[in-house]
Every structure is written in C-alpha cells, then in structure tokens.
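The values are calculated or read from the model by the stated rules, or taken from the named source; none is laboratory data. This one's a predicted model, so the numbers in the text were calculated from it and none came from an experiment. Glycine also receives a Cβ, built like all others from the backbone with ideal geometry; neighbour counts cover every protein chain displayed.
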2 protein chains.
Amino acid sequence: MKVSELSRRSQVPLPTIKFYIREGLLPAGTRTGKNQADYTEEHLERLELIRALRDEAGLSVAAIGRALTAADSSEDFIEAAIDAIERPSGPRVDEKSPEFRTARDAVMSIARAQGWEVAPESAALRDAARALTVITRSFYADAATEAVLAPYAEAASLIARHEIPDGWRPSEAPNAALRYAVLGTVLLEPLILAIRRMAHVARSREVSQAASVPAKRRATE
Amino acid sequence: MKVSELSRRSQVPLPTIKFYIREGLLPAGTRTGKNQADYTEEHLERLELIRALRDEAGLSVAAIGRALTAADSSEDFIEAAIDAIERPSGPRVDEKSPEFRTARDAVMSIARAQGWEVAPESAALRDAARALTVITRSFYADAATEAVLAPYAEAASLIARHEIPDGWRPSEAPNAALRYAVLGTVLLEPLILAIRRMAHVARSREVSQAASVPAKRRATE
C-alpha cells in the first residue's frame, strides 16, 4: 500500500509516520519509484505496536526506539527488546568501583545458579548490579551474597515460567509477540510491586502476632 | 536535650527540624518552659530515619510525612508505614467503574487465598487494583482471574518470608524497624524488576530454543 493508505488505515498522521521511520521505530517501505514506496500489513501492525507502547505502557518515543531498534538488529529479537526497555535511573553509581563489580558478580552468580544465560552487556544485568550497589552501600551490607539474593531469582523464575508459556513462538507473529513481551513487562510492574507491599503488610502482621503468643506456649508447640 | 543540641548532634539545621515538626514527620518535644522543649534520643533516631528515607530511598518530604504519620497513628505501625509508601501513579482509573471493582475483587480473592488480612482501605490494595484494571483493559482481558494472579501472590509471599524473618520484633526498636521496612521496600524494588527482566530474557531464550519449528525470517526486516 502507499504511505497515504498506511496513514489512513492506521490513523497515524503522515508526518508522524515519517518521524518514526527517521527515528528507527518503523522500517522504511520498499522503494517503487522516485517518490513512492510500498508498505505492507507488517507496517500497519508495527504502527499499532508503537501506539500501544506509547499510550498504554507510557513509554517515551526514545525508549520505544531503543527497544525496537534492539529487536530489529538481533536474531533473538524478543530478548533484545525486553533487555532494552528503559528503566528510570536511580542514584548515581560508579560502574568502575569495586562495590559495583562485587554486586555485578553476585547477580551473575545467582543467574548462573538458575541456569540463565546472561550476556555481559545486558542492560538488565547492569540495572540489577546498580540497584544492588545502592542497597549494599546504604542499607544492608550483606545484600550481595547468594543466600540473600537467591529467593529473588527464584521468585522471578516462577513468574517468568508463568508469563511465557512453553509453546510460545514469537517468530510466527513478531509484532504481536513484541507487544506481548514489552507491554507485559512494563504493565505488570506496578501490579507486582503493589502485591509485594500487600505481602509485606501481611507478613509483618503474622510475625508480630506470633511474637505476642506467650513464649511458653511457643516452646511446647 | 535542647533543640539546639538536637540540631548539633543530628547535623540537621534548626529551621529544618521545625519544618519537620510542622509537617508531622517529627514529634514535638516535651514543653519545659515558655520557649523551651525537651528532646530525646528517639528524636535523634527519627531524624536519622528521615535522612535515610530522603537521601537513600529518594522519597519526597511529602511521601515521608505520609508514611510516618500513618506509622505514628497506628498500633500496627510497620504495616501502616509500608502501606502508606507513595507509588508513582499510573494512568487514570475510574475507581467507581465495574472494571475497577472486578479487579479489586480479584486481588482480594488471591490475598485471601494466601491467608493475608487486607484492610479494605489499604493503599497497596488500591494500587494493585488500579494496575490490574489497566492490564485487563489494554493488554490482557483475562488478567483479573485467580489462575493468572496467583503466581504473583506466591512469588510475593516467597520474598516476604525471606525479607521479614520469624523473630522480628519491630516494637523493640521502632525507628530502626521503620528504616528497615520502608527503605527495604523501596530500595529493593529496582533490583526485583531488573532480576525479573533477566528471568524473562532467559525464559524467552529457553522457550524459543525448545521450539521445533525453524525460526522464520521476520518480514519487517
């Protein structure tokens, strides 16, 4: 189809389509003449994907660009897109400091224990190591130890096995798969954190109620 | 001690101390004369707690005020503080809509299945229901079902049991306990989300390697 038809069917204005092509969010069409190019249903699906990531996941155009460019330039396009999802950056961490390296090694080690292949340049690995550096520095000196970290990896594995079913075939419908992977990763985050807070509240109550049970009774239980 | 000594020992300027008292972050001292009040070690500890929540957890003074005011006005001060931690709000959700109510019921139901006591006015419950409403609306129509939600509750329970040990006695050192609970809840969040992304990447790879169908070349390339 012509770009005018792509614009009409997607309800995305022509200048926005051109902007997305320039920024690497949308592949250019196949050139058919001096000022003409041909666009396919895939382009239409990609525009719908961009709309969902922008309006529903609330990602910036720059963040969408990074995720889709990563996906387009990798054989493992889903892994590349998830890894490239931009996270709001926390406190500054010197990535050449010994603290950062210790934290990074600890994250690598629990990942290996779970059988995860982690690329050394992974953005998620860097984010985890940054967060762990801050935790170790200002909150909990022993945070970067396997015993402390392992339960987070176990919980994440549990969720990942649940969210990504065995028969998943991303390459059969790449744009739909990208939508599922990226939107799912982003939209579920506030739910996961809120449910964690509920679990914390419940667990605090449980522990403090157990503490008020007379010691004698507990000893015989 | 006098307020001047409190300021010297805490290294918090006098006007800031007065501001914290006005905003409800710090309890007022015991009045001992027309222009004098007495402050205790508890005040000193509370100032250190405020500093940690502001500088290390990156919470705003308003958010700290809400968490500490909630803690000060409740018997279950740890539960109240965790529940009051302010989360960045996502997309607008009409809390009177049937979608929100369905989401809220679903969250209540998985909480009950875990044996969690959840107060109807819980902020964490509201945040979870808001997130779930958005997920159901724009991503995954079946999201608000028990089968889909239960693994998140299980993962959260796993983490909560790990983070809040059996012998925890918050009332023995309230300010230290508040620091642990609030800072721990906030600082661990980016780590949990980054580890989840690592698990997603690993799981995607695992599933696609297991796929017997040869990967198709993506048409958008």
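List of remarks:
- When region B:18-77 is limited to residues that are among the hydrophobic types (A, V, I, L, M, F, W, C) and in a loop (DSSP other than H, G, I, E, B), the one that is farthest from B:PRO190 (Cα to Cα) turns out to be B:ALA28.
- Here A:GLU206 qualifies as closer than 21 Å to B:ALA113 by Cβ and more than 7 Å from chain B (Cβ to nearest Cβ).
- Sole residue being within 30 Å of B:ARG101 (Cα to Cα) and either in contact with a helix residue (DSSP H, G or I) (Cβ under 7 Å, 6 or more places away or on another chain) or modelled with pLDDT of 90 or more (or both), chosen from B:GLU163, B:GLU154: B:GLU154
- Considering A:ARG197, A:ARG203, A:ARG126, the condition of being in contact (Cβ under 8 Å) with a residue 12 or more places away in the chain and basic (Lys, Arg) is satisfied by A:ARG126 alone.
- Scanning region B:90-110 for residues that are under 29 Å from B:ARG161 (Cβ atoms) and out of contact with any Ser or Thr (no Cβ under 9 Å at 6 or more places or on another chain) turns up B:GLY90, B:ASP105, B:VAL107, B:MET108, B:SER109, B:ILE110.
- Scope region B:191-217; condition assigned to a helix (DSSP H, G or I), in contact with a Ser or Thr (Cβ under 9 Å, 6 or more places away or on another chain) and either modelled with pLDDT under 90 or more than 26 Å from A:LEU149 (Cβ to Cβ) (or both); matching residues: B:SER208
- Flag if B:SER171 is of a type in the set (Ser, Thr, Tyr), assigned to a helix (DSSP H, G or I) and more than 7 Å from chain A (Cβ to nearest Cβ): yes
- Subset of region A:150-168 [more than 23 Å from B:LEU132 (Cβ to Cβ), assigned to a helix (DSSP H, G or I) and facing chain B (nearest Cβ under 8 Å)]: A:PRO151, A:ALA153, A:GLU154
- Restricting attention to region B:5-26, the residues that are surrounded by fewer than 19 Cβ atoms within 10 Å (Cβ to Cβ) and in contact with a helix residue (DSSP H, G or I) (Cβ under 7 Å, 6 or more places away or on another chain) total 5.
- When the test is whether a residue is of a type outside the set (Phe, Trp, Tyr) and over 24 Å from A:SER122 (Cα atoms), A:ARG54 does not pass it.
- Being out of contact with any Pro (no Cβ under 7 Å at 6 or more places or on another chain) and more than 8 Å from chain B (Cβ to nearest Cβ) is a property that holds for A:ALA113.
- Flag not set for A:THR30, criterion: of a type in the set (Ser, Thr, Tyr) and closer than 17 Å to A:ALA173 by Cα.
- Test: residue in region A:138-148 that is facing chain B (nearest Cβ under 7 Å) and not charged (D, E, K, R): yes
- Number of positions in region A:37-60 that are small (Gly, Ala, Ser) and buried (at least 17 other Cβ atoms within 10 Å of the Cβ): 2
- Some residue of region B:61-84 being away from chain A (no Cβ under 11 Å), within 18 Å of A:LEU193 (Cα to Cα) and either buried (at least 18 other Cβ atoms within 10 Å of the Cβ) or under 20 Å from the mean Cα position of the chain (by Cα) (or both): yes
- Just one of the listed residues (B:THR185, B:THR220) is at pLDDT below 90, more than 25 Å from B:ILE64 (Cα to Cα) and facing chain A (nearest Cβ under 7 Å), and it is B:THR220.
- The requirement of being modelled with pLDDT of 90 or more and crowded, with 20+ Cβ neighbours inside 10 Å is fulfilled somewhere in region A:139-151, by at least one residue.
- Condition check for A:ALA129: at the interface with chain B (Cβ under 7 Å from one of its Cβ atoms) and not in a loop (DSSP other than H, G, I, E, B): no
Conditions tested, residue by residue: (1) among the small types (Gly, Ala, Ser); (2) within 14 Å of A:LEU191 (Cα to Cα).
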site	(1), (2)
B:ARG101	no, no
B:ALA124	yes, yes
B:ALA141	yes, no
B:LEU149	no, yes
B:TRP168	no, no
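- Going through (1) within 16 Å of B:ALA202 (Cβ to Cβ); (2) in a loop (DSSP other than H, G, I, E, B); (3) more than 10 Å from every other protein chain (Cβ to nearest Cβ) one by one, A:LYS96 falls short only on (1).
Yes or no, residue by residue, for (1) in contact (Cβ under 8 Å) with a residue 40 or more places away in the chain; (2) out of contact with any strand residue (DSSP E or B) (no Cβ under 9 Å at 6 or more places or on another chain); (3) not assigned by TED's automatic domain parsing to the domain that holds A:ARG8:
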| residue | (1), (2), (3) |
| --- | --- |
| A:THR30 | no, no, no |
| A:ALA67 | yes, yes, no |
| A:ILE82 | yes, yes, no |
| A:ARG104 | no, yes, yes |
| A:GLY115 | no, yes, yes |
| A:VAL134 | yes, yes, yes |
